[in-house]
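The values are calculated or read from the model by the stated rules, or taken from the named source; none is laboratory data. Given the structure is predicted, the values throughout are model-derived calculations rather than measurements. Quick reminder, even Gly has a Cβ in these numbers, built from the backbone with ideal geometry, and neighbours come from all protein chains shown. Ligands, DNA and RNA are stripped out before the accessible areas are found, and what is left, the full protein with its side chains, is counted by its heavy atoms. Shrake-Rupley method; radii C 1.70, N 1.55, O 1.52, S 1.80 Å.
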Amino acid sequence: MSSPPSGRLAIFPGSFDPLTNGHVDIVLRSARLFERILVAVLVNPDKRPLFTAAERVTIIREVFREYPNVDVDTFDGLLVDYARERRASAIIRGIRAVSDFEFEFQMALMNRHLEPSLETVFMMPAEQYTYLSSRLIKEVFSLGGTVTGLVPAAVEQWMTRRQGEGRPEQGRGTRKKEHQ
Ligand code: PNS
């Protein structure tokens, strides 16, 4: 039998393009349950993100700079492989509504099939964030709506800067159900 993971590290994986206040809420709740939280940004070369994975890491580090038990990293490949490599004991996922549940349940069970010792812990964000998604944030912002109070101030600043840079239009018709 392999030795149990040390340090009660939980991984919070996702796209975080961009990080929302819903994500922040989940990280802070998780940080009360686990010794360390590792926010793991998926490097997905198929997508055309608003921010590169490296930029997302920089932004998220900025947001959690006062939380020594919150770390940020990128990963690619299978999440369970990354979790094994980091010796994590749990995966954190946020569930906002019943609509999130089916996909999250599938992922959790597939991850358990791949690595039975790794638990998925579902967390509910504060009610005021249950309607938030990174996709909606990007859409509202790109159409001139305000995202103040929905994303951390640092994220809003980065988005404003990116808009000023004249970001190329995102691929159309590539919308997928976004879970975070
Ligand atoms: O923020 P998102 O896009 O909902 O996060 C999805 C994420 C990154 C958690 C998921 O796509 C993932 O774990 N990708 C890594 C590849 C993998 O392990 N796939 C099998 C999952 S069962």
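Remarks
- Subset of the stretch 76-96 that is open to solvent by less than 50 Å² (accessible area, probe 1.4 Å) and in a helix (DSSP H, G or I) - its residue that is nearest to the ligand (Cβ to nearest atom): Leu79
- Residue check: Arg32 meets all listed conditions (1) closer than 25 Å to Thr148 by Cα; (2) open to solvent by 10 Å² or more (accessible area, probe 1.4 Å); (3) more than 10 Å from the ligand (Cβ to nearest atom) but one, namely (1).
- Complete set of residues in the stretch 54-75 that are hydrophobic (A, V, I, L, M, F, W, C) and open to solvent by 20 Å² or more (accessible area, probe 1.4 Å): Ala54, Val63
- Contacts under 9 angstrom Cβ, first residue in the stretch 93-115 being over 16 Å from Ser133 (Cβ atoms) and of a type outside the set (Ser, Thr, Tyr), partner at pLDDT below 95 and more than 9 Å from the ligand (Cβ to nearest atom), 6 or more apart: none
- Test: residue in the stretch 142-164 that is touching a Phe, Trp or Tyr at 6+ places or on another chain (Cβ under 8 Å), of a type in the set (S, T, N, Q) and modelled with pLDDT under 95: yes
- Which listed residue is within 13 Å of the ligand (Cβ to nearest atom), out of contact with any Gly (no Cβ under 6 Å at 6 or more places or on another chain) and touching a residue at least 24 places away in the same chain (Cβ under 8 Å), from Asp17, Asp25: Asp17
- Filter pass, Pro18 being within 11 Å of the chain's Cα centre (by Cα) and assigned to a loop (DSSP other than H, G, I, E, B): yes
- Taken over the stretch 97-116, the residue count meeting the criterion of being out of contact with any Lys or Arg (no Cβ under 8 Å at 6 or more places or on another chain), modelled with pLDDT of 95 or more and surrounded by 15 or more Cβ atoms within 10 Å (Cβ to Cβ) is 2.
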